[in-house]
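**Student:** Structure provided below as structure tokens; questions to follow.
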Amino acid sequence: MSLFSSHKPADQAQWDNFGVDWVVHYQFEALEISKAVDEFESLLRDLDDAHLETQVRHGHGASLLVFIRVPSAHLGSLVYHSRVKDWLYGIIHELPVGDDDTIADADTPAESLRSVYHAVTWQKKLGGAHITPRHGRWKNVASAFPLHDQAANAELLRKWSRTILLTAEDLDSIRALFGEKVAFYFAFIHSYSLFLAFPAAWGVVCWWHWGSYSIPFAIGDCLWAIVFVEYWKIRETDLSLRWQVNGVGALKVTRTQYVWEKEVRDPITGEVVQVFSPYRQFLRQLLLVPFASIASLALGGLIVATFALEVFISEVYTGSLKGYLEFLPTVIFSLCLPSISGLLNSIATRLTQYENYRTQDQYDLAQTAKQFVTHFITAFLPTVLTAFVYVPFGARLVPHLNIPSFQGKAPADMPRDFSVDPGRLKQEVMYLSLTGQVLSFGEEVVLPYVKRVALEKWREYRTRQAAVQNRRRVSQGTSQVLFDDPDESAFLSRVRNEAEADEYNVHEDTLEMCVQFGYLTLFGSSWPLVALGFLVNNWLELRGDFFKLSLECQRPPPIRADSIGPSLQGLEVLSWLGTLSTAAIVYLYRDGMAEIRVSSLLLTLLLSEWAYLGMRFAVSTGLRKVLSRTLRREAAKRYAVRKGYLKATASEGSPPRGKLRVRFRGRVSVFTSATDPPSPQSDEVLREAMLHTERRFWSRRPNQVLEDGVRIIRALGQGGPKIEKEL
């Protein structure tokens with residue numbers, strides 16, 4: 001079945017990107033018209049100096065959409081030189097055939113768009129236009145992004161909705177569309193979901209036979225966590241070699257925000273590099289310690305206060321309105337938590353900026369590490385207090401929470417036979433694991449989708465009203481640039497919506513899965529069925545995240561990466577803490593809190609840590625021997641390449657690169673073994689229709705583009721007609 005067999009050519013025309021490689025969204029609402037015109041002229045000049053073609057249309061409100069296309073010859077040259085750089089830094093082993101004038105075809109759309117991204121954002125001395133949204137002289141550039149491939153996204157959504165498991169081809173398709181950084185996340189959640197099948201099934205068995213706090217489930221859960229983390233380490237290496245990105249961090253260019261102290265010449269490459277003192281950077285990094293401590297104390301203190309007040313109202317307070325007041329502390333805390341987390345994240349962002357990292361990868365790693373700390377505190381600390389403070393020692397602590405003014409009696413009148421229900425921990429785990437997943441899915445997917453659809457309908461209504469009532473208020477020349485061509489209307493409407501969409505942050509989705517993993521390893525023994533709920537949730541989460549990525553967020557730049565970043569270290573820490581937590585929970589709760597001996601608890605923790613270290617070593621060694629085929633193939637490949645160079649003559653050169661090619665319909669096609677390619681006749685007709693529309697879209701000359709942009713700015717900028725601001 002063809003990818004587009006169920007769609008007419010007219011429908012497909014609405015999905016066509018008109019040959020646009022990149023879009024710059026320029027906003028001038030707060031600028032004087034003269035300043036906005038100067039910035040727009042400078043923007044077009046810089047793009048032209050980088051050999052990029054441009055067209056302009058109006059956006060929502062006082063904004064411009066600058067459409068960018070890279071000439072095919074220039075794009076092929078960028079792709080070739082990118083591959084040569086990969087070879088020089090050892091990322092790939094085959095020397096690309098050609099010279100400085102060689103034009104290469106991209107193997108995937110992501111490789112092509114990555115070269116476009118470099119041409120738009122890199123510094124001018126590297127051949128780019130140096131357009132940096134919301135920074136420096138381009139602070140009025142709201143965003144710069146590639147357009148979604150709607151046809152490919154729709155095909156993947158349809159395919160995934162009918163399947164349970166993803167294949168290697170599916171991951172290759174994600175990588176081809178969005179780059180390796182996004183593909184690593186989907187590979188991670190897919191592998192994690194597959195591994196969840198064991199604790200889900202084992203949890204059902206243990207729940208049926210032994211109930212909560214069973215030793216068999218505790219052992220199985222801890223062993224599962226160790227095996228998964230060690231497996232994912234190997235899987236990451238396997239994917240980085242398969243996608244040829246292993247060690248790609250060495251290629252990252254310097255961030256615009258990087259403040260360097262001196263320039264030195266690299267003894268290996270001979271290039272001049274900008275350097276910031278490692279000693280000073282290390283001292284700045286040490287600020288993470290007081291930041292983590294203050295964040296822990298602040299959030300921990302708020303959680304403890306909320307917890308104590310809730311315990312007092314629900315367990316001690318007997319006054320009026322108790323049924324309503326016992327929910328008040330949690331409601332207040334839940335309402336305040338997003339603001340507090342946002343404040344802490346903003347402080348973490350400033351701290352990361354102060355640490356002054358050279359590359360964007362280094363910056364993202366530091367920022368993610370700080371966010372992991374805040375996620376850990378907000379997600380786990382309430383349950384930790386329940387498991388290890390309130391339930392075991394509540395009978396001793398709660399009597400001290402008496403407030404005489406609430407009770408109207410003296411502290412001595414309080415009963416001293418207070419007891420805590422040991423089942424409270426299980427109830428809390430059940431509540432948080434079930435409702436938390438549902439609410440998270442709704443906040444991430446459902447609510448943004450409803451808001452986006454409502455906003456689009458409102459804008460369409462306002463635009464139609466404005467066009468009907470005020471079409472005659474502008475000159476004919478201005479009218480041509482303010483009112484869309486009917487052939488472009490659907491495309492421009494989609495682009496304007498993408499320009500207003502949120503940026504996709506893959507690190508947040510990865511951290512969400514790490515929190516779920518931590519919840520299972522830390523507290524899963526209290527309710528063995530929690531893994532089953534996570535398994536069902538992740539089937540929806542994987543598809544929901546792709547839905548969010550393709551329909552609710554801007555298409556992210558196809559940045560390369562060779563791992564999921566610092567989240568892997570977080571998984572290791574959580575698996576270690578999970579072993580200790582599981583051992584403590586089983587010891588404390590298995591016999592109904594009958595008797596607690598501190599010496600026995602400490603001995604249990606010590607033995608569990610020894611068991612963790614021994615099992616981790618054994619599992620790591622065994623898996624590397626069993627699953628090291630990719631590493632052996634990579635070593636054989638390097639040997640074969642070197643042996644080939646010995647036999648090659650100077651005139652013959654190297655054979656063509658044998659990379660996996662994922663095609664998405666000429667520019668983009670998602671064909672699998674179960675999908676037949678389209679017939680040549682229908683494909684040729686569709687391609688000719690698209691090329692005709694594309695030529696019309698790019699028909700304006702550079703001077704006409706400049707004139708159109710100035711007209712839009714004068715019409716929609718400060719002092720322009722009121723109705724045109726609504727457009």
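The values are calculated or read from the model by the stated rules, or taken from the named source; none is laboratory data. Not measured: the values here are computed from a predicted model. Please note: Cβ atoms are built from the backbone with ideal geometry, for glycine as well, and neighbour counts cover all protein chains shown.
**Student:** Can we say Leu520 is modelled with pLDDT of 85 or more, touching a Ser or Thr at 6+ places or on another chain (Cβ under 9 Å) and surrounded by 18 or more Cβ atoms within 10 Å (Cβ to Cβ)? Don't jump to the end; show me each part of the working.
**Tutor:** Values: modelled with pLDDT of 85 or more: yes; touching a Ser or Thr at 6+ places or on another chain (Cβ under 9 Å): yes; surrounded by 18 or more Cβ atoms within 10 Å (Cβ to Cβ): yes.
Here the answer is yes, as Leu520 does meet what is asked.
**Student:** Let me ask another. Pick from the range 72-103 the residues that are over 30 Å from the mean Cα position of the chain (by Cα) and aliphatic (A, V, I, L, M): which of them is nearest to Ile712 (Cα to Cα)?
**Tutor:** Ranking the qualifying residues of the range 72-103, first place goes to Ala73.
**Student:** Which residues, taken from the range 295-333, are at pLDDT below 70, part of a helix (DSSP H, G or I) and among the acidic types (Asp, Glu)?
**Tutor:** Across the range 295-333, the qualifying residue is only Glu315.
**Student:** Checking the conditions here, which among Leu532, Leu571 is more than 21 Å from Lys370 (Cβ to Cβ) and either touching a helix residue (DSSP H, G or I) at 6+ places or on another chain (Cβ under 6 Å) or assigned to a helix (DSSP H, G or I) (or both)?
**Tutor:** Numbers: Leu571 fails: more than 21 Å from Lys370 (Cβ to Cβ).
None of the others qualify; the one that does is Leu532.
**Student:** What do you reckon, is Arg350 outside any helix (DSSP H, G or I) and either at pLDDT 75 or above or not assigned by TED's automatic domain parsing to the domain that holds Ser277 (or both)?
**Tutor:** Against the criterion (outside any helix (DSSP H, G or I) and either at pLDDT 75 or above or not assigned by TED's automatic domain parsing to the domain that holds Ser277 (or both)), Arg350 does not qualify.
**Student:** Residue under question is Ser608, and the condition is that it be of a type in the set (S, T, N, Q) and more than 30 Å from His25 (Cα to Cα); does it hold? It would help to see each step written out before you state the result.
**Tutor:** On the way: of a type in the set (S, T, N, Q): yes; more than 30 Å from His25 (Cα to Cα): yes.
For Ser608, the condition - of a type in the set (S, T, N, Q) and more than 30 Å from His25 (Cα to Cα) - is met.
Residues are listed down the side, and each one gets a yes or a no for (1) in contact with a His (Cβ under 7 Å, 6 or more places away or on another chain); (2) closer than 21 Å to Val495 by Cβ; (3) modelled with pLDDT under 85:
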{"residue": "Ala129", "(1), (2), (3)": "no, yes, no"}
{"residue": "Arg134", "(1), (2), (3)": "no, yes, no"}
{"residue": "Trp138", "(1), (2), (3)": "no, yes, no"}
{"residue": "Ser143", "(1), (2), (3)": "yes, yes, no"}
{"residue": "His148", "(1), (2), (3)": "no, yes, no"}
{"residue": "Ala154", "(1), (2), (3)": "no, yes, no"}
{"residue": "Thr167", "(1), (2), (3)": "no, no, no"}
{"residue": "Asp170", "(1), (2), (3)": "no, no, no"}
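**Student:** Further question: For the range 134-166, give me the residue count where each residue is in a loop (DSSP other than H, G, I, E, B) and either in contact (Cβ under 8 Å) with a residue 12 or more places away in the chain or more than 22 Å from the chain's Cα centre (by Cα) (or both).
**Tutor:** 12
**Student:** Give me a count of the residues in the range 152-191 that are surrounded by fewer than 21 Cβ atoms within 10 Å (Cβ to Cβ) and hydroxyl-bearing (Ser, Thr, Tyr).
**Tutor:** 4
**Student:** While we're here: Report yes if Ile564 is within 23 Å of the chain's Cα centre (by Cα) and either of a type in the set (Val, Ile, Thr) or surrounded by fewer than 21 Cβ atoms within 10 Å (Cβ to Cβ) (or both), otherwise no.
**Tutor:** yes
**Student:** Can you confirm whether the range 51-71 contains a residue that is in a helix (DSSP H, G or I) and more than 27 Å from the chain's Cα centre (by Cα)?
**Tutor:** Taking every residue of the range 51-71 in turn, none turns out to be in a helix (DSSP H, G or I) and more than 27 Å from the chain's Cα centre (by Cα).
**Student:** Among the residues in the range 89-96, are any without any contact (Cβ under 8 Å) to a residue 12 or more places away in the chain and out of contact with any Phe, Trp or Tyr (no Cβ under 8 Å at 6 or more places or on another chain)?
**Tutor:** No; the residues of the range 89-96 include none that is without any contact (Cβ under 8 Å) to a residue 12 or more places away in the chain and out of contact with any Phe, Trp or Tyr (no Cβ under 8 Å at 6 or more places or on another chain).
**Student:** Related question: Taking the range 606-623 only, how many residues are among the β-branched types (Val, Ile, Thr) and either closer than 17 Å to Gly220 by Cβ or modelled with pLDDT of 90 or more (or both)?
**Tutor:** So the answer is 1.
**Student:** Hey, among the residues in the range 474-500 that are exposed (fewer than 15 other Cβ atoms within 10 Å of the Cβ) and either at pLDDT below 60 or touching a Pro at 6+ places or on another chain (Cβ under 6 Å) (or both), which one's farthest from Trp698 (Cα to Cα)?
**Tutor:** Only one residue tops the list, namely Ser475.
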